[in-house]
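The values are calculated or read from the model by the stated rules, or taken from the named source; none is laboratory data. Computed from a prediction, not measured in an experiment: that's the story for all the values here. Reconstructed Cβ throughout: ideal geometry from the backbone, glycine too, with neighbour counts over all protein chains shown. Keep in mind that these areas ignore ligands, DNA and RNA; they rest on the heavy atoms of the full protein, side chains included. Shrake-Rupley method; radii C 1.70, N 1.55, O 1.52, S 1.80 Å.
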Amino acid sequence: MSEIVRLSLVSHAMTDAMAAGRFPTDEALSPIGHRQADAAIELGVTDAAFCGPEKRTRQTAELLGLRAEVVPALAELDYGRWRGDVLSGVGPADLAVWLTDPTRAPHGGETVVDLIDRVRGWMDTLPERRGRLVAITHPAVIRAAILIVLDAPPKSFWRIDIAPVSRTVMHFRGHAWTLRSS
């Protein structure tokens with residue numbers, strides 16, 4: 001059977017918040033991020049491109065030469081009141097809850113389970129599109145997509161590392177997604 005959908009998920013390039021270990025806001029790419037995107041992977045022919053609404057995803061898409069449709073479902077995980085804070089500033093008890101229980105959000109934002117549901121809803125619409133699709137998004141969104149494709153438990157979320165400007169490829173054939181490469 002031929003491929004119906006090929007989805008390449010590309011993580012946005014580096015930001016100052018990433019380098020400093022801060023929870024993200026709607027920041028732009030850093031100078032390092034600009035260089036990363038300029039030297040990034042060749043994506044080839046695409047039938048449609050998407051990106052999250054944040055500056056860093058839109059800038060990465062532009063630097064990759066894509067005219068991407070902004071899709072709210074590809075937005076960053078909502079870190080609530082932790083937005084802009086350094087990771088080391090979070091209380092150890094709150095951090096432990098957040099990293100071990102994907103149904104809880106001590107920061108008042110979005111849970112990992114809620115993020116997975118949001119990404120699943122978007123992925124469910126893709127088989128109707130067919131072709132080679134590219135989405136410039138966030139490591140958290142890509143982790144969620146991987147868990148969906150593998151039918152892995154949400155508690156596995158933090159065990160997946162996604163590097164800046166890395167590509168994760170998935171295919172939809174027939175009735176199921178497969179992880180092609182990452």
Q. Per the helix-only calculation at 222 nm, which mean residue ellipticity applies to the chain, given -39500 (n - 2.57) for every DSSP H run of n ≥ 4 and division by its residues, nearest 500 deg cm²/dmol?
A. -8500 deg cm²/dmol
Q | R0 of 25 Å, Cβ-Cβ distance Ala152-His175: FRET efficiency to nearest 0.05 | A | 0.85
Q | Of all accessible heavy-atom area on the chain, the percent that carbon and sulfur account for (1.4 Å) | A | 50
Q.
Sort Lys155, Lys55 by heavy-atom solvent-accessible area, probe 1.4 angstrom, most to least.
A. Lys155, Lys55
Q. Any idea what log10 I(q)/I(0) is at q = 0.15, 0.18, 0.25 Å⁻¹ for segment 75-156, Debye with uniform C-alpha scatterers and no solvent?
A. -0.59, -0.80, -1.29
Q.
To the nearest 20 Debye, how big is the dipole of the chain about its Cα centre, given +1 on the beta carbon of each Lys and Arg and -1 on that of each Asp and Glu?
A. 360
Q.
Probe of 1.4 angstrom, ligands and nucleic acids ignored: what's the accessible area per residue over the chain, in square angstrom?
A. 49
(Q) Tell me the Rg and the Dmax, in Å, that the Cα atoms of the chain produce. (A) 16.0, 51
Q: Taking all protein chains together and a probe of 1.4 Å, list Leu179, Leu126 from the most accessible to the least accessible.
A: Leu179, Leu126
